[in-house]
Amino acid sequence: MSAELHLTRHDSTLVLTLNDPASRNALSPAVYVAAVAALDDAAQDPTLRALVLTGAGGHFSGGGNLNQLAAVRGQPAVQAARVDALHGWIVAMRTHPLPVIAAVEGAAAGAGCSLALACDLLVASTTARFGLAYGRIGASPDGGVVQSLMQLLPRQQALEWLWLAQVRSGADLQRAGLVNRLTDPGQALDEALALAASLAQFAPNVIASVKRLSVDAAVLPLATHLDHERDAFIANLNHDNGGEGLTAWREKRPPQFR
(Lines give C-alpha, C1' and ligand atoms only; values in the text may rest on other atoms or scores of the structure.)
Protein backbone atom coordinates (compact mmCIF):
# COMPACT_ATOMS: atom_id res chain seq x y z
CA MET A 1 0.00 0.00 0.00
CA SER A 2 0.96 3.65 -0.43
CA ALA A 3 2.68 5.23 2.59
CA GLU A 4 -0.34 7.57 2.72
CA LEU A 5 -2.83 4.73 3.16
CA HIS A 6 -2.66 2.44 6.19
CA LEU A 7 -4.71 -0.76 6.56
CA THR A 8 -5.67 -2.21 9.93
CA ARG A 9 -8.00 -5.04 10.88
CA HIS A 10 -10.59 -4.79 13.68
CA ASP A 11 -12.36 -8.14 14.00
CA SER A 12 -14.31 -8.46 10.72
CA THR A 13 -13.79 -4.83 9.69
CA LEU A 14 -10.96 -3.46 7.56
CA VAL A 15 -10.04 0.17 8.30
CA LEU A 16 -8.44 2.23 5.54
CA THR A 17 -6.74 5.27 7.06
CA LEU A 18 -5.60 8.22 4.97
CA ASN A 19 -2.31 9.01 6.63
CA ASP A 20 -0.51 12.23 5.77
CA PRO A 21 -1.44 14.51 8.69
CA ALA A 22 1.02 17.27 7.68
CA SER A 23 -1.10 17.90 4.57
CA ARG A 24 -4.45 17.13 6.25
CA ASN A 25 -4.33 13.81 4.39
CA ALA A 26 -4.18 15.33 0.93
CA LEU A 27 -5.10 12.92 -1.82
CA SER A 28 -2.83 11.76 -4.62
CA PRO A 29 -2.80 9.28 -7.52
CA ALA A 30 -0.73 6.87 -5.39
CA VAL A 31 -3.48 6.84 -2.74
CA TYR A 32 -6.16 6.23 -5.39
CA VAL A 33 -4.30 3.21 -6.73
CA ALA A 34 -3.59 1.84 -3.25
CA ALA A 35 -7.21 2.25 -2.19
CA VAL A 36 -8.59 0.41 -5.22
CA ALA A 37 -6.09 -2.42 -4.65
CA ALA A 38 -7.16 -2.66 -0.99
CA LEU A 39 -10.82 -2.79 -1.98
CA ASP A 40 -10.14 -5.48 -4.57
CA ASP A 41 -8.30 -7.58 -1.98
CA ALA A 42 -11.07 -7.07 0.59
CA ALA A 43 -13.68 -8.34 -1.86
CA GLN A 44 -11.83 -11.67 -1.96
CA ASP A 45 -11.66 -12.06 1.84
CA PRO A 46 -14.70 -14.02 3.09
CA THR A 47 -13.91 -13.14 6.72
CA LEU A 48 -14.49 -9.41 6.20
CA ARG A 49 -17.92 -7.89 6.79
CA ALA A 50 -17.36 -4.14 6.43
CA LEU A 51 -14.89 -1.42 5.47
CA VAL A 52 -14.27 1.87 7.27
CA LEU A 53 -12.59 4.85 5.60
CA THR A 54 -11.07 7.46 7.93
CA GLY A 55 -8.20 9.91 8.27
CA ALA A 56 -5.27 10.34 10.64
CA GLY A 57 -4.30 13.34 12.73
CA GLY A 58 -7.75 14.77 13.41
CA HIS A 59 -8.83 15.23 9.79
CA PHE A 60 -10.52 13.05 7.19
CA SER A 61 -9.00 14.63 4.07
CA GLY A 62 -8.40 18.16 2.85
CA GLY A 63 -8.86 16.96 -0.73
CA GLY A 64 -6.45 17.24 -3.62
CA ASN A 65 -3.00 18.76 -3.39
CA LEU A 66 -3.38 22.23 -4.93
CA ASN A 67 0.32 22.51 -5.70
CA GLN A 68 0.08 19.29 -7.71
CA LEU A 69 -3.00 20.64 -9.49
CA ALA A 70 -1.17 23.83 -10.40
CA ALA A 71 1.80 21.85 -11.69
CA VAL A 72 -0.29 19.98 -14.27
CA ARG A 73 -2.26 22.93 -15.67
CA GLY A 74 -2.00 22.79 -19.44
CA GLN A 75 -1.61 18.98 -19.36
CA PRO A 76 -5.16 17.73 -19.91
CA ALA A 77 -4.11 14.11 -20.51
CA VAL A 78 -2.32 14.00 -17.14
CA GLN A 79 -5.27 15.70 -15.46
CA ALA A 80 -7.73 13.24 -17.01
CA ALA A 81 -5.70 10.25 -15.85
CA ARG A 82 -5.63 11.57 -12.27
CA VAL A 83 -9.34 12.32 -12.16
CA ASP A 84 -10.13 8.93 -13.70
CA ALA A 85 -8.03 7.27 -10.98
CA LEU A 86 -10.06 9.08 -8.30
CA HIS A 87 -13.27 8.08 -10.03
CA GLY A 88 -12.07 4.48 -10.15
CA TRP A 89 -11.89 4.62 -6.35
CA ILE A 90 -15.42 6.04 -6.13
CA VAL A 91 -16.78 3.29 -8.39
CA ALA A 92 -14.90 0.61 -6.43
CA MET A 93 -16.59 1.77 -3.19
CA ARG A 94 -20.05 2.09 -4.67
CA THR A 95 -19.94 -1.33 -6.33
CA HIS A 96 -18.12 -3.15 -3.52
CA PRO A 97 -20.09 -6.02 -1.95
CA LEU A 98 -19.19 -4.87 1.58
CA PRO A 99 -20.67 -1.79 3.23
CA VAL A 100 -18.26 1.15 3.30
CA ILE A 101 -18.54 3.50 6.28
CA ALA A 102 -16.90 6.93 6.46
CA ALA A 103 -15.61 8.05 9.88
CA VAL A 104 -15.05 11.80 9.66
CA GLU A 105 -13.23 14.09 12.06
CA GLY A 106 -12.12 17.58 11.06
CA ALA A 107 -11.83 18.54 7.41
CA ALA A 108 -13.52 16.62 4.61
CA ALA A 109 -12.91 19.07 1.79
CA GLY A 110 -13.05 18.89 -1.99
CA ALA A 111 -12.42 15.32 -3.13
CA GLY A 112 -12.29 14.35 0.57
CA CYS A 113 -15.91 15.45 0.87
CA SER A 114 -16.73 13.57 -2.34
CA LEU A 115 -15.24 10.39 -0.85
CA ALA A 116 -17.15 10.74 2.40
CA LEU A 117 -20.46 11.22 0.58
CA ALA A 118 -19.74 8.26 -1.72
CA CYS A 119 -19.59 5.89 1.26
CA ASP A 120 -22.67 3.85 2.14
CA LEU A 121 -22.92 5.15 5.70
CA LEU A 122 -21.46 8.27 7.26
CA VAL A 123 -20.35 8.83 10.85
CA ALA A 124 -19.15 12.32 11.74
CA SER A 125 -17.97 14.01 14.90
CA THR A 126 -19.04 17.48 15.93
CA THR A 127 -15.64 18.71 14.69
CA ALA A 128 -16.32 17.53 11.12
CA ARG A 129 -16.41 20.20 8.44
CA PHE A 130 -17.55 19.32 4.92
CA GLY A 131 -16.41 21.78 2.27
CA LEU A 132 -16.77 22.05 -1.50
CA ALA A 133 -14.58 25.06 -2.27
CA TYR A 134 -13.90 24.20 -5.91
CA GLY A 135 -15.44 27.48 -7.04
CA ARG A 136 -12.96 29.49 -4.99
CA ILE A 137 -10.10 28.24 -7.19
CA GLY A 138 -12.04 28.41 -10.46
CA ALA A 139 -12.65 24.67 -10.65
CA SER A 140 -15.72 22.45 -10.88
CA PRO A 141 -16.32 19.42 -8.66
CA ASP A 142 -15.11 15.87 -9.21
CA GLY A 143 -15.36 12.62 -7.29
CA GLY A 144 -19.02 12.13 -8.16
CA VAL A 145 -20.13 14.72 -5.62
CA VAL A 146 -22.60 16.42 -7.99
CA GLN A 147 -24.48 13.16 -8.49
CA SER A 148 -24.25 12.33 -4.80
CA LEU A 149 -25.77 15.63 -3.73
CA MET A 150 -28.43 15.61 -6.44
CA GLN A 151 -29.54 12.18 -5.19
CA LEU A 152 -29.30 13.06 -1.49
CA LEU A 153 -30.66 16.62 -1.37
CA PRO A 154 -33.32 18.72 -3.09
CA ARG A 155 -31.82 20.26 -6.22
CA GLN A 156 -31.90 23.79 -4.86
CA GLN A 157 -30.00 22.86 -1.70
CA ALA A 158 -27.45 20.85 -3.65
CA LEU A 159 -26.79 23.70 -6.09
CA GLU A 160 -26.42 26.24 -3.28
CA TRP A 161 -23.76 24.09 -1.65
CA LEU A 162 -21.97 23.38 -4.93
CA TRP A 163 -22.06 26.96 -6.22
CA LEU A 164 -21.34 28.95 -3.08
CA ALA A 165 -18.39 26.87 -1.80
CA GLN A 166 -20.03 26.56 1.59
CA VAL A 167 -18.62 24.67 4.57
CA ARG A 168 -21.12 22.60 6.53
CA SER A 169 -20.80 20.84 9.86
CA GLY A 170 -21.52 17.27 10.79
CA ALA A 171 -24.63 18.53 12.58
CA ASP A 172 -25.75 20.32 9.38
CA LEU A 173 -25.39 17.09 7.42
CA GLN A 174 -27.20 15.08 10.09
CA ARG A 175 -30.16 17.48 9.92
CA ALA A 176 -30.18 17.05 6.13
CA GLY A 177 -30.22 13.27 6.54
CA LEU A 178 -26.69 12.69 5.20
CA VAL A 179 -25.03 11.65 8.49
CA ASN A 180 -26.07 8.41 10.22
CA ARG A 181 -24.32 9.03 13.55
CA LEU A 182 -23.02 12.28 15.08
CA THR A 183 -20.41 11.78 17.81
CA ASP A 184 -18.30 13.70 20.27
CA PRO A 185 -14.84 14.74 19.03
CA GLY A 186 -12.47 11.81 18.62
CA GLN A 187 -15.26 9.20 18.65
CA ALA A 188 -16.14 8.89 14.95
CA LEU A 189 -13.94 5.86 14.29
CA ASP A 190 -15.17 3.98 17.37
CA GLU A 191 -18.78 4.64 16.38
CA ALA A 192 -18.10 3.54 12.81
CA LEU A 193 -16.55 0.30 14.11
CA ALA A 194 -19.60 -0.27 16.31
CA LEU A 195 -21.85 0.26 13.29
CA ALA A 196 -19.72 -2.19 11.30
CA ALA A 197 -20.04 -4.74 14.11
CA SER A 198 -23.82 -4.39 13.98
CA LEU A 199 -23.81 -5.01 10.23
CA ALA A 200 -21.63 -8.09 10.75
CA GLN A 201 -24.52 -9.79 12.57
CA PHE A 202 -26.49 -10.00 9.32
CA ALA A 203 -26.05 -12.31 6.33
CA PRO A 204 -23.29 -10.84 4.14
CA ASN A 205 -25.01 -11.95 0.92
CA VAL A 206 -28.11 -10.00 1.97
CA ILE A 207 -26.07 -6.91 2.86
CA ALA A 208 -24.44 -7.10 -0.58
CA SER A 209 -27.79 -7.57 -2.34
CA VAL A 210 -29.39 -4.59 -0.62
CA LYS A 211 -26.39 -2.40 -1.48
CA ARG A 212 -26.56 -3.46 -5.14
CA LEU A 213 -30.33 -2.87 -5.23
CA SER A 214 -29.93 0.56 -3.64
CA VAL A 215 -27.56 1.62 -6.43
CA ASP A 216 -29.90 0.21 -9.09
CA ALA A 217 -32.93 1.94 -7.59
CA ALA A 218 -31.59 5.38 -8.48
CA VAL A 219 -31.20 4.65 -12.18
CA LEU A 220 -33.45 1.76 -13.27
CA PRO A 221 -37.10 1.87 -14.33
CA LEU A 222 -39.47 0.48 -11.71
CA ALA A 223 -40.31 -2.70 -13.63
CA THR A 224 -36.64 -3.56 -14.12
CA HIS A 225 -35.82 -2.81 -10.50
CA LEU A 226 -38.67 -5.02 -9.32
CA ASP A 227 -37.28 -7.87 -11.41
CA HIS A 228 -33.93 -7.39 -9.67
CA GLU A 229 -35.62 -7.39 -6.26
CA ARG A 230 -37.42 -10.64 -7.14
CA ASP A 231 -34.23 -12.32 -8.30
CA ALA A 232 -32.32 -11.19 -5.20
CA PHE A 233 -35.11 -12.35 -2.88
CA ILE A 234 -35.16 -15.83 -4.42
CA ALA A 235 -31.36 -16.14 -4.47
CA ASN A 236 -31.03 -15.09 -0.84
CA LEU A 237 -33.90 -17.22 0.39
CA ASN A 238 -32.27 -20.28 -1.21
CA HIS A 239 -28.78 -19.37 0.04
CA ASP A 240 -27.41 -21.34 3.01
CA ASN A 241 -27.89 -18.20 5.10
CA GLY A 242 -31.57 -18.15 4.17
CA GLY A 243 -31.92 -21.68 5.51
CA GLU A 244 -30.00 -20.78 8.66
CA GLY A 245 -32.14 -17.70 9.25
CA LEU A 246 -35.39 -19.62 9.01
CA THR A 247 -34.09 -22.48 11.16
CA ALA A 248 -32.87 -20.04 13.83
CA TRP A 249 -36.28 -18.32 13.80
CA ARG A 250 -38.06 -21.64 14.33
CA GLU A 251 -35.61 -22.63 17.09
CA LYS A 252 -35.85 -19.18 18.73
CA ARG A 253 -32.07 -18.59 18.70
CA PRO A 254 -29.75 -16.03 17.08
CA PRO A 255 -28.76 -17.03 13.53
CA GLN A 256 -25.16 -17.91 12.71
CA PHE A 257 -24.66 -16.42 9.27
CA ARG A 258 -21.55 -17.09 7.17
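The values are calculated or read from the model by the stated rules, or taken from the named source; none is laboratory data. Treat the numbers as computed from the prediction; the structure is a model and nothing was measured. Backbone-built Cβ (ideal geometry, glycine too); neighbour counts: all protein chains shown. Each accessible area value is taken on the protein alone, full model and side chains, heavy atoms only, with ligands, DNA and RNA left out. Shrake-Rupley method; radii C 1.70, N 1.55, O 1.52, S 1.80 Å.
So the values come out like this:
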| read-out | value |
| --- | --- |
| Solvent-accessible area, 1.4 Å probe, carbon plus sulfur percent, for segment 122-258 | 56 |
| Placed amide H near Asp11: partners under 5 Å, 5+ positions off or other chain | none |
| Crossing angle, helix 204-217 versus the chain [Cα axis fit, 0-90 degrees, rounded to tens] | 50 |
| Trypsin sites (Lys or Arg not before Pro) within segment 13-84, DSSP loop, no more than 10 other Cβ atoms inside 10 Å | Arg73 |
| Acute angle (nearest 10 degrees) that the helix 29-43 long axis makes with the longest principal axis of the chain, alpha-carbon atoms | 0 |
| Highest-first arrangement of 31-43, 198-210, where packing means the average Cβ count within 10 Å | 31-43, 198-210 |
| Simple Cβ-charge dipole of the chain, Lys/Arg +1 and Asp/Glu -1, about Cα centre, in debye nearest 20 | 400 |
| Heavy-atom accessible area per residue - segment 85-189, 1.4 Å, Å² | 41 |
| Diffusion coefficient, µm² s⁻¹, Stokes-Einstein with Kirkwood Rh over alpha-carbon pairs of segment 127-258 at 25 °C and 0.890 mPa s | 135 |
| Tilt relative to the chain, helix 155-164 - C-alpha long axis, 0 to 90 degrees, to 10 | 30 |
| Burial order of peptide ranges 127-137, 223-233 (average beta-carbon count within 10 Å, highest first) | 127-137, 223-233 |
| Dipole magnitude of segment 172-258 about its Cα centre (Cβ charges: Lys, Arg +1; Asp, Glu -1), debye to nearest 20 | 220 |
| Nearest-20 debye value, segment 212-258 charge dipole, Cβ charges on Lys, Arg, Asp, Glu | 260 |
| For the chain, alpha-carbon Rg over 2.2 N^0.38 Å | 1.05 |
| Span per principal axis, largest first, for the Cα atoms of segment 1-124 (Å) | 46, 28, 24 |
